[in-house]
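Only one structure is covered here, and it is reproduced in the block below.
The values are calculated or read from the model by the stated rules, or taken from the named source; none is laboratory data. Worth saying up front: this structure is predicted, and the values here are computed from it rather than measured. Here the Cβ positions follow ideal geometry from the backbone for every residue, glycine too, while neighbour counts run over all protein chains shown. Calculation scope for accessible area: heavy atoms of the full protein, side chains included, ligands and nucleic acids excluded. Shrake-Rupley method; radii C 1.70, N 1.55, O 1.52, S 1.80 Å.
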Amino acid sequence: MSKTIAITGCSTGFGRVTALHMAGLGWKVFATVRREADGESLLSEATERGSAEHLTPVICDITDAEQVSAMGRIIAQAAPGLDALLNNAGTAFPAPLELIPLDALRSQMEVNVIGHMSVTQTLLPLLKAARGTIINVTSIGGRIGLPLIGAYNASKFAMEALSDVLRFELAPFGVRVVAIEPGTSATAIWETSGSRANELLGERADVEPYIPLIDSVNVYFREDVKNGFPVRLFAETVQKILDDPRPRTRYQVPRSVRWTILLRYLMPDLLWDRMMRKALKL
């Protein structure tokens, strides 16, 4: 019997590539998308690859409790247990913390934190039954804070903490918990966040003092995305985790990310701030 995995956020980016990759390996994949068209597109690509029989798109907005419950029922009816859950869905609400609307901050936490806990709680009985693995997609942004993405950083720092706690709490049930900390890659989240920043800030007069910072950060991120790692590397890391009977608690993608994180934690705050201001050309 093939192993089963549920993956959230499969319309684009890491989730889509990983769903197709795991289905190609023969895993039974339940891939959540928010729109019917995205599910059809995903299934069409799986058909081209000859793995459509292994992939089931599931309409699910992870911030909608009814849709999360429905997803849980679909998976429970199809499989007695769940071997893996990849909490991947995510978004970003970029803006200076002084100016970000509180509703946007709440939405950031709803998608990147609360929604994942809703999915995890719903699927935990199946994960316990299979002594499965939970993989939480955090980020280098869950270890290092950067200007203008403070809301995103807060959500990813929260997922790092929840991963640590879940690892302790679920160990007696044989459920492993792993965090993946990706660096920058050319996924749709950064395109969407750029448009969202314009919506959040609009024509506000009080944004003007932040314009030099915004321009510098935009240049920095555009260059970072251009040099980002190939998305397939993320999918291969998920496979590596699930193939390992004793995976590490954290994986950085690419491996160079771990050196950036280590440098941040070894370097005094004021020296780090000075280095970042230089990198941002401020």
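Filtered by the rule that a residue be more than 16 Å from the chain's Cα centre (by Cα), modelled with pLDDT of 95 or more and part of a loop (DSSP other than H, G, I, E, B), the range 99-144 gives ARG131, GLY132. What residue, among those in the range 145-187 that are part of a strand (DSSP E or B) and of a type in the set (D, E, K, R), is most open to solvent (accessible area, probe 1.4 Å)? Among those residues, the one meeting the criterion is ARG176.
Of all residues in the range 248-282, those that are closer than 22 Å to LEU20 by Cβ and open to solvent by less than 30 Å² (accessible area, probe 1.4 Å) total 2. Going by what's in this entry, would PRO96 be described as open to solvent by less than 40 Å² (accessible area, probe 1.4 Å) and more than 23 Å from ARG248 (Cα to Cα)? For PRO96, the condition - open to solvent by less than 40 Å² (accessible area, probe 1.4 Å) and more than 23 Å from ARG248 (Cα to Cα) - is met.
Within the range 130-144, the set of residues being buried (at least 19 other Cβ atoms within 10 Å of the Cβ) and touching a residue at least 40 places away in the same chain (Cβ under 8 Å) comprises GLY132, THR133, ILE134, ILE135, ASN136, VAL137, THR138, SER139, ILE140, ARG143, ILE144. For beta carbons closer than 7 Å, sequence separation of 6+ or different chains, a first residue in the range 218-237 that is within 18 Å of VAL137 (Cβ to Cβ) and free of Cβ contacts under 8 Å to residues at least 60 places away in the same chain and a second that is open to solvent by 40 Å² or more (accessible area, probe 1.4 Å) and assigned to a helix (DSSP H, G or I), the qualifying pairs are VAL225/TRP190.
What about ALA84, is it touching a Cys at 6+ places or on another chain (Cβ under 6 Å) and closer than 23 Å to PRO230 by Cβ? So ALA84 does not fit the description; no. Applying a threshold of 7 Å to beta carbon distances and a minimum spacing of six or more residues, or different chains, the list of pairs starting in the range 108-126 at a residue that is free of Cβ contacts under 8 Å to residues at least 60 places away in the same chain and ending at one that is charged (D, E, K, R) and crowded, with 20+ Cβ neighbours inside 10 Å reads ASN112/LYS156.
Looking only at residues that are among the polar types (S, T, N, Q) and open to solvent by 30 Å² or more (accessible area, probe 1.4 Å) in the range 224-247, which one is modelled with the highest pLDDT?
The residue in question is GLN239.
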